[in-house]
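The values are calculated or read from the model by the stated rules, or taken from the named source; none is laboratory data. Please read all numbers here as calculations on a predicted model, not as lab measurements. As a convention, Cβ positions derive from the backbone with ideal geometry for all residues, glycine included, and neighbour counts pool all protein chains shown.
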Amino acid sequence: MFGLPILSLMLLVPLAGAIACLLVEAKAARTIALVATTVDFLLGIVLWNRYEIGGAQWQFTENAPLFAGFAWKLGIDGIALMLIELSVFLMPICILASKAIEKRVGEYMAAFLLMEVLMIGVFAAQDLFLFYIFFEAGLIPMYLIIGIWGGAERIYASYKFFLYTLLGSVLMLIAMLWMVNEAGTTDIPTLMAYDFPVAAQKWLWLAFFASFAVKMPMWPVHTWLPDAHVQAPTAGSVILAGVLLKMGGYGFIRFSLPMFPQASADYAGLVFALSMVAVVYTSLVALVQHDMKKLIAYSSVAHMAIVTVGLFAFNVQGLEGSMVVMLSHGLVSGALFLCVGVIYDRLHTREIARYGGLSINMPKYALFFMLFTMASVGLPGTSGFVGEFLSLAGIYQVSSWVTLVCTTGIILGAGYMLYLYRRVAFGEQKNADAAAMPDLDAREWIMLAPIAAAVLWMGVYPESFLAPMRADIAALDARLAAARPEGDAKPTAGQPKVAEEHAAHGAAPEGAH
Amino acid sequence: MDPILFIVFLPLLAAAIAGLGNRALGNVAAKSVTTLALFAACLLSWPIFIGSVSGHAEPHVVQVLHWVQSGSLNFDWALRVDTLTAVMLVVVTTVSALVHLYSWGYMAEDPDQPRFFAYLSLFTFAMLMLVTADNLVQMFFGWEGVGLASYLLIGFWFRKPSASAAAIKAFVVNRVGDLGFMLGIFGTFLVFNTVSIPEILVRAPGMAGSTIGFLGYRLDTMTVLCVLLFIGAMGKSAQLGLHTWLPDAMEGPTPVSALIHAATMVTAGVFMVCRLSPMFQTSETAMNVVTYVGAATLFFAATIGTTQWDIKRVIAYSTCSQLGYMFVAAGVGAPGAAMFHLFTHAFFKALLFLGAGSVIHAMHHEQDMRFYGGLRKHIPLTFWAMMAGTLAITGVGIVDLFGFAGFYSKDSILEAAYGAHSQSGSVGFWAGIAAALLTSFYSWRLVFLTFYGKPRWDQSEHVQHAVHDDHHGHGRKHHDDGTAGYHPHESPLNMLIPLGVLSLGAVAAGYVFAHDFISEGAGHFWRGSVAFSEELIHHMHGVPLWVKWAPFAVMVTGFLIACYGYLINTAFPGKLAAALGPVYRFVYNKWYFDELYDRLFVRPAFWLGDRFWKLGDIGLIDRFGPNGAAWAVARGSSFAQKVQTGYLYSYALVMLLGLTAAITWVMVH
């Protein structure tokens, strides 16, 4: 842990790779990108290995003051660790998935590697302004990826993306300035323990909310997401769904909740209301989509709503559940976009009706697609269940109404995902070109199999993922304790019937007659 | 290692080998691996059950792996073995092993056999996880796992649109029940701070009479929890309101119907209520709900069963109805009787389904009984197996002497319902008597239409195809005996052996095990694994003589009506149906549940989705959001071009400016 600044190294490797990619021709750029992301993934494994569960809250800290209180300050807790692992795990897969890109390959690879730098930076930054730079700049490569390598409507999609994000981030920056002025520090751990005046908390919370709600995205500021996904190339969609959407959730858990606990409690009702609408509304919209990517994009909005209710449940199950939903959704929706990409590369259409009967000519593909579909609908034994179950168990302790509405997501989710699967994989082979598509090749198998393994691992033994975060969630839970809302259940004490009645029948030990 | 580990995980291993090996592995290897695994599991299960019968087995729990630990919410992968589990173990592994064997013959011509056998074994694994669950979440795992397997198997012939539609319907309707189950688990955790079943059962009586806030109301705590969990049971066990998926599930291959949609998965709801019976007994309201739902279902499903023509649908509605009986028993406080009926029903209903499969096999995939007739002489072994099943389900037997399996278990349910001396018990009793008449009628109707009378095969398209293929090039002969020249063949041995074994169960299971399950001394058998009331057993045995003979009387009545309508005066049923007109159509169309749900839920969901998308997202949010902004900019100046192409730079610029301002401010400060 000493000496080797592993986090900086993880930022440096893809950065160097990005520069190299700009200088060489296409084939070499692909190799460099694959090597750089793989090295970063290996570094990620080292990071996870060296992370001490139950050790200091902030580990691998680096601090190099630059000027005027602004510092190159990195460090991670368990929550950041897990999100970094997710990012570095998905990156090599994204590079592999970019085989179909033929235009300006070097720049494309550079954009992806730069994005990896910025994503890791977001989760590792411990300085408020450093975080802001990473957080905002991280979107620039994404704009480029959509705007240059995207589909026919890419300009409109990236414009929408830009407009929403800009609005939120301006407000957040203003709030950050005020906070630094008030607390006299840009150090995130210090700010997390700082008690801002309650009146100010509300405004600060709303300013951060504007930014995070868009990133999440929450209803009704979600409409940029389907367009961005539809236009983005496959790998762009994977990163967008897999990691970029998690920045909103990370923002809530790192800033809104610990820094403004009282305001978070006060505005929980707003979050619940928007999330409840999102679950029902976007699930129903997903049901009527004809475009595969749009369908999965809308399902992302519904899943992210489970994250927000879990976070604002103010208890351990809600928080841990939300984190697991984020990790799981990163894997599962990423994998689903890869599944779309696999057949898009063959037929060049996302129109669901153009496929059908793929189980016949692509049985391996159908198996993976089924697994990820089931993980998406939250089948126990897959990662999707653990997170959803914990989040909803958490929110039930606050409100049975919110739980009831959000749990309808399990019905609607099954509806739209199985309807999608049926139209793609079941039925007769009604389109000759779709029927002629070959099954997964080795490259595609290598992309999907690790995600499948991770999805099952997280579903069967989520302890591996929960353990590093446990202490941090507990600390956050303690921080939130004062503001915790009272639940609507309030069960009273029981009035068991008198003992004689049981005794008369010869009471069995387990309360049986 | 504990044998339970092998019982549960051998099927999973076999499923993985057969499923992943698939065509590379080959048909015979895949079928052998899965079938051997299941027979091994079956052979290991019976000693556990016999141990319970002889009273030697001690209940125990085998820890496998930690699952989730989140604050105080902890649950593990663990296998619980007690009497209730033992009963389910033998039911599940025996029927599953026999169904595996049967499928060798039934699926012999299918090109996708490894996949089929992998699904069957996967199902068995999930079902075993369900019945060995020590906590509610693992039960839910098994619950959803069997749902997945059921979805995959119903849609096994995925090229048929009706099969994939039925598969989705089964999964989604079950999810409606699961919504209740999940809320029930959340509520249970909230109240008891644990999801461990034994702990909940110990502490449940202490919470009797408390109240809880739920959806803005203050309600009795245990009632809320039990009813929520019961909604899950209603979905899985196809009870009235959530039953619509079960008849459609008959789209799956017939061995699947026998295993999943008759003997095992659909009984999971009954198993759950029995497993949690000490909890359910803390709320009289919840118990009444269980009884009334069961009573309504057993009657409603039986009425539909009398009118259907598809042989599998008749048996499917019959299953639905018999599950209603089990819930009545559980609801009046006789989980022992419910489990006993579950046990005997597994044998005779699997037998009826496999027998029907054998008939369908002989009749070249024809399922419509209007095109059967006179098959007794052509497939005599199948006929006798079906007779054993019919004698068992209709409950043929003489009090205190001997009866077929259903005689003991169904009569014990009716006696318990009567002996409960409650209003709900009376409703259950009278509904049960009425349905027993209908059961006898539709069961014998099935037998008479299929095996008696003259052949009516020539009207069947399936048979015509078969004949056409056979006689191709031979020149057509004219047949006026209704056979169209078709010769049904008895099924092969690998299908007949399972029929034989299950026939044995249908004949003897009641007589042999009645004492263990439902006598005064059955408390020693159950060992606290279900709530056992010796008092109710006394009441059951003390019911008036007419109560004991009433099922017999209605059974004979139903038989005579079927005899008259389908043997003696075959024009009578048609005339009766015409005379009843709207009533007949109402019943024949399954009380219009599918149409109702389609109008109420399915179409509105698509309609709303479309409106939300086109009016909400596009018409409102985008129009006044980003598009509106673009419009304003375009209109305001010739800036638009710049924004569209230079947005990236302007954005980067805004950010940089902002940061510079921030840093400057901090420096100055």
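Residues of the stretch B:480-511 that are buried (at least 22 other Cβ atoms within 10 Å of the Cβ) and in a helix (DSSP H, G or I): B:495, B:498, B:499, B:502, B:503, B:505, B:506, B:509, B:510. The set of residues in the stretch B:173-208 being over 26 Å from residue B:67 (Cα atoms), in contact (Cβ under 8 Å) with a residue 12 or more places away in the chain and facing chain A (nearest Cβ under 7 Å) consists of B:205, B:207, B:208.
Cβ-Cβ distances below 7 Å connect the following pairs, each with a first residue in the stretch B:211-224 that is facing chain A (nearest Cβ under 7 Å), a second residue that is assigned to a strand (DSSP E or B), and a separation of six or more residues or different chains: B:211/B:218; B:211/B:219; B:211/B:220; B:212/B:219; B:221/B:211; B:221/B:212.
How about the stretch B:398-474: which helices (runs of 4 or more DSSP H) wholly inside it have at least 2 residues that are touching a strand residue (DSSP E or B) at 6+ places or on another chain (Cβ under 8 Å) and not small (Gly, Ala, Ser)? Steps first, please.
Details: elements: B:405-419, B:423-451, B:461-470.
Result: B:405-419.
A single member of B:14, B:29, B:24, B:57 is among the small types (Gly, Ala, Ser), buried (at least 18 other Cβ atoms within 10 Å of the Cβ) and assigned to a helix (DSSP H, G or I), and it is B:14. Which number in (1) modelled with pLDDT under 90; (2) away from every other protein chain (no Cβ under 14 Å); (3) surrounded by fewer than 22 Cβ atoms within 10 Å (Cβ to Cβ); (4) over 25 Å from the mean Cα position of the chain (by Cα) marks the one condition that residue B:514 misses? Going through the list (1) modelled with pLDDT under 90; (2) away from every other protein chain (no Cβ under 14 Å); (3) surrounded by fewer than 22 Cβ atoms within 10 Å (Cβ to Cβ); (4) over 25 Å from the mean Cα position of the chain (by Cα), residue B:514 breaks only (4). Return yes or no: is residue A:284 surrounded by 24 or more Cβ atoms within 10 Å (Cβ to Cβ), part of a helix (DSSP H, G or I), more than 16 Å from the chain's Cα centre (by Cα) and not small (Gly, Ala, Ser)? Yes: the conditions hold for residue A:284. Number of residues in the stretch B:483-533 that are in contact (Cβ under 8 Å) with a residue 12 or more places away in the chain, among the aliphatic types (A, V, I, L, M) and under 21 Å from residue B:46 (Cβ atoms): the value is 12.
Consider residue A:405 against the criteria (1) part of a helix (DSSP H, G or I); (2) within 9 Å of chain B (Cβ to nearest Cβ); (3) in contact (Cβ under 8 Å) with a residue 24 or more places away in the chain; (4) more than 12 Å from residue A:324 (Cβ to Cβ): it satisfies all of them except one. Which criterion is unmet? All conditions are met except number (2). Scan the stretch A:427-464 for residues that are over 30 Å from residue A:189 (Cβ atoms), within 11 Å of another protein chain (Cβ to nearest Cβ) and at pLDDT 90 or above and the total you get is 3. With a requirement of 3 or more residues that are among the hydrophobic types (A, V, I, L, M, F, W, C) and more than 27 Å from residue A:474 (Cβ to Cβ), the helices (runs of 4 or more DSSP H) lying completely within the stretch A:199-281 that satisfy it span A:224-231, A:234-239. For the stretch B:60-85, filtering for residues that are surrounded by fewer than 16 Cβ atoms within 10 Å (Cβ to Cβ) and in a loop (DSSP other than H, G, I, E, B) leaves 1.
Within the stretch A:465-513, track down each residue that is surrounded by 15 or more Cβ atoms within 10 Å (Cβ to Cβ), within 7 Å of chain B (Cβ to nearest Cβ) and at pLDDT 55 or above. A:466, A:488, A:489, A:491, A:494, A:496 - these are the residues of the stretch A:465-513 that are surrounded by 15 or more Cβ atoms within 10 Å (Cβ to Cβ), within 7 Å of chain B (Cβ to nearest Cβ) and at pLDDT 55 or above.
Among the residues making up the stretch B:368-397, those that are closer than 19 Å to residue B:310 by Cβ and charged (D, E, K, R) are B:368, B:370.
Residues are listed down the side, and each one gets a yes or a no for (1) surrounded by fewer than 24 Cβ atoms within 10 Å (Cβ to Cβ); (2) over 24 Å from the mean Cα position of the chain (by Cα):
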{"position": "B:196", "(1), (2)": "yes, yes"}
{"position": "B:199", "(1), (2)": "yes, yes"}
{"position": "B:204", "(1), (2)": "no, yes"}
{"position": "B:220", "(1), (2)": "yes, yes"}
{"position": "B:243", "(1), (2)": "no, no"}
{"position": "B:246", "(1), (2)": "no, no"}
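Screening the stretch B:40-54 for residues that are within 24 Å of residue B:108 (Cβ to Cβ) and free of Cβ contacts under 8 Å to residues at least 60 places away in the same chain and picking the one that is surrounded by the most Cβ atoms within 10 Å (Cβ to Cβ) gives B:42. Among the criteria (1) touching a helix residue (DSSP H, G or I) at 6+ places or on another chain (Cβ under 8 Å); (2) closer than 25 Å to residue A:395 by Cβ; (3) in contact (Cβ under 8 Å) with a residue 60 or more places away in the chain, the one residue A:248 does not fulfil is (3). Examine the stretch B:114-126 for a residue that is at the interface with chain A (Cβ under 10 Å from one of its Cβ atoms), under 19 Å from the mean Cα position of the chain (by Cα) and either surrounded by 24 or more Cβ atoms within 10 Å (Cβ to Cβ) or not in a helix (DSSP H, G or I) (or both), and state whether such a residue exists. Within the stretch B:114-126, one or more residues are at the interface with chain A (Cβ under 10 Å from one of its Cβ atoms), under 19 Å from the mean Cα position of the chain (by Cα) and either surrounded by 24 or more Cβ atoms within 10 Å (Cβ to Cβ) or not in a helix (DSSP H, G or I) (or both).
Looking only at the stretch A:245-281, filter to residues that are under 16 Å from the mean Cα position of the chain (by Cα) and of a type in the set (D, E, K, R); which one of those is surrounded by the most Cβ atoms within 10 Å (Cβ to Cβ)? Taking the candidates together, the pick is A:246. Taking the stretch A:206-245 as the range and being touching a Leu at 6+ places or on another chain (Cβ under 6 Å) and basic (Lys, Arg) as the test, no residue passes. Restricting A:425, A:467, A:432 to residues that are farther than 30 Å from residue A:268 by Cα and either under 23 Å from the mean Cα position of the chain (by Cα) or free of Cβ contacts under 8 Å to residues at least 40 places away in the same chain (or both) narrows the list to A:432.
Please verify whether residue A:185 is touching a Phe, Trp or Tyr at 6+ places or on another chain (Cβ under 9 Å), within 11 Å of chain B (Cβ to nearest Cβ) and surrounded by fewer than 19 Cβ atoms within 10 Å (Cβ to Cβ), treating the condition exactly as stated. So residue A:185 passes the test. For the criterion of being without any contact (Cβ under 8 Å) to a residue 40 or more places away in the chain, touching a helix residue (DSSP H, G or I) at 6+ places or on another chain (Cβ under 7 Å), crowded, with 21+ Cβ neighbours inside 10 Å and more than 7 Å from chain A (Cβ to nearest Cβ), residue B:136 fails. None of A:100, A:80, A:56 is surrounded by 21 or more Cβ atoms within 10 Å (Cβ to Cβ) and either under 19 Å from residue A:13 (Cβ atoms) or aliphatic (A, V, I, L, M) (or both) except A:80. Going by what's in this entry, would residue A:53 be described as part of a loop (DSSP other than H, G, I, E, B), out of contact with any strand residue (DSSP E or B) (no Cβ under 8 Å at 6 or more places or on another chain), of a type in the set (A, V, I, L, M) and modelled with pLDDT under 95? For residue A:53, the condition - part of a loop (DSSP other than H, G, I, E, B), out of contact with any strand residue (DSSP E or B) (no Cβ under 8 Å at 6 or more places or on another chain), of a type in the set (A, V, I, L, M) and modelled with pLDDT under 95 - is met. Scanning the stretch A:6-32 for residues that are assigned to a helix (DSSP H, G or I) and over 30 Å from residue A:58 (Cα atoms) yields A:19, A:20, A:21, A:22, A:23, A:26, A:27, A:28, A:29, A:30, A:31, A:32.
Considering only residues that are of a type in the set (Phe, Trp, Tyr) and more than 14 Å from residue B:326 (Cα to Cα), which ones fall in the stretch B:223-246? Before you say what the answer is, go through the steps one by one.
Initial filter on the stretch B:223-246 (of a type in the set (Phe, Trp, Tyr)): B:230, B:245.
The one that is of a type in the set (Phe, Trp, Tyr) and more than 14 Å from residue B:326 (Cα to Cα): B:245.
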